[in-house]
1. Which percent of the accessible area of the range 253-355 is formed by carbon and sulfur heavy atoms (probe 1.4 angstrom)?
2. From the phi of every residue in the range 196-210, what ³J(HN,Hα) in whole Hz does the Karplus formula 6.51 cos²θ - 1.76 cosθ + 1.60 yield, where θ is phi - 60° and glycine or proline is x?
3. What's the local net charge at S445, with K and R +1, D and E -1, over the other residues with C-beta under 14 Å away?
4. Which value, in Å to one decimal place, does the Kirkwood hydrodynamic radius take for the range 181-305 when every pair of different Cα atoms is included?
5. Do the sum for the chain: with -39,500 (n - 2.57) for every DSSP H run of n ≥ 4, divided by all residues, what is the mean residue ellipticity at 222 nm, to the nearest 500 deg cm²/dmol?
6. So, with +1 on the Cβ of K and R and -1 on the Cβ of D and E, and no other charges, what is the size of the charge dipole of the range 346-466 about its Cα centre, to the nearest 20 debye?
7. In the range 367-450, carbon and sulfur make up what percent of the accessible area (probe 1.4 Å)?
8. Which one of V382, A78, M414 is farthest out on the positive end of the charge dipole of the chain, using unit charges on Cβ (Lys, Arg +1; Asp, Glu -1) and the Cα centre as origin?
Amino acid sequence: MLALPPLSQRRRFAPLARALILATALCAGPAFALSPPPVAPGYAGIIGLEEALLTPQPWISRLPNAGAVILDRAAIDAQNARMRQLDASIIDLHKLPALLPQVLVREQINGISKAPTRALYDVHGKQVTPAQLQAVTANLGLDAIPANRPIQYGLVVHRAALRAFPTELRVFSSQGDTDIDRFQESALFPGDAVAVLHESADGKWVFVASERYAAWMEKRFIGVGSAEQVFGYGATGPYRVITAGKAFTAHTPEEPRVSDLQLEMGVRVPVLADWPVMDPVNGQQAHGGHVIQLPVRNDDGSLALVPALLPRTQESASDYLPLTQANLITQAFKFLGERYGWGHSYDTRDCSGFVSEIYRSFGVLLPRNTSAQAISPALNRVPFTDKDSKAKRSDAIAKLQVGDLIYIPGHVMMMLGEANGMTWVIHDTSGGSWFDASGKRVHASLNGVSVTPLQPMMASDTVSYIDRMTNIQRIRLQDTK
């Protein structure tokens, strides 16, 4: 049997599941000594909000150098290299062994696929039975893992859920709560590279490692190819980078595998620049769109690359956007009002996915979950402990810059700007609370990407978000604070 990779490499390959469950659990509603003074309710009942603040321009117009480049392309490439080198949550697929030892595969699966010990409920509010859970765990197929498994590589061909177990069974912590599926972990997007480590007993699922996460996904959403095919996809330009919150390829009955395909913000796809101008793409002449190349899965599971049309009406750019404050604000607002999606449920995203996909549109790599993002040694971290004074926390808030990421346990917010004497954030959350003019704490079921002030936000009658702040992360040059 081959020896395990060195510890430093194994740490890069450590399972992220427990961190994500902790991180996203509180994204749905942060658990949160002195209360800030009440502020009058504003537009739509949100404290201090004006309707005019629900567009990017008022925020951009307040900035003296909104268009100044924060990091250029070379600096972003260096930042991403630093992230891959220093952050243990990032998986280097290139460094995985050609033969995966059984102990390593088991370690990865057992790290995320832990048999539940508490009561869980299905979508109908009925308790999940021991027999159902036993069937789910049996489908892991752990006994079938060979002593050494040859690694396989593939490209994701369709947005796909990453699951804690190889099952579509949705489970919840309480009856009536059907938003937060405890088996849902994350999602992968078309063109994402993965390493395939194992297959479920029923043959319908595979356990995969992507750069930022390892979990189960349906096998039908992966085309398996050689390392050269997989890592060569999109390695050279020209490109189109999706700059909309979501974009869709053109409908095509001739090639349904790339018809109406959802592409997320920051996804970069290669362009077939030499496509003959008069040749149709899947039955359609191409002048109204960009001819791009997308991965598909053949009937035998193998990978193929085919042309598709990305209509010009779908927002995209020829490369990653310049990283500026104006662009950060603009990109964030493209998600405003989108439903909160635990673990990227509902074809949307959660709090850490929200900030990740904003920064992905600039080509910036961030860890998948809030607990990893918050402490990443590759970023400019300002940490806080429960011993830090209110004055220190307030001073840090006063020094925030647009695009800074603010962490409380299990939740992340992006700094948006200053207005009406308060610091404002944009974040993806299910709720928030504050004191109204009468001094009563009120709760709002925000349940989506929302704009709120930071100072008044409360989690209890005595503890504010700022009191609970654990870290601030800034994506800037390393010597800039």
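1. On the way: 2080 of 4160 Å².
Here it works out to 50 percent.
2. So the J values, rounded to whole Hz, are 9, 9, 6, 10, 5, 4, 7, x, 9, 10, 10, 8, 10, 10, 10.
3. Values: positive: R339; negative: D177, D179, D428.
That sum, taken over residues with Cβ under 14 Å, equals -2.
4. Values: mean 1/r = 0.0626 Å⁻¹.
After inverting the pairwise mean of 1/r, the radius is 16.0 Å.
5. Details: 11 runs with 97 residues, N = 481.
Mean residue ellipticity at 222 nm (helix-derived): -5500 deg cm²/dmol.
6. Values: 11 positive and 11 negative charges, 55 e Å.
It comes to approximately 260 debye.
7. On the way: 1650 of 2980 Å².
With neighbouring chains kept in place, the figure for the range 367-450 is 55 percent.
8. So the residue we want is V382.
The values are calculated or read from the model by the stated rules, or taken from the named source; none is laboratory data. Every value quoted in this text rests on a predicted model; they were computed, and no experiment measured them. Counting neighbours? That spans all protein chains shown, and the Cβs are built from the backbone with ideal geometry, glycine included. Calculation scope for accessible area: heavy atoms of the full protein, side chains included, ligands and nucleic acids excluded. Shrake-Rupley method; radii C 1.70, N 1.55, O 1.52, S 1.80 Å.
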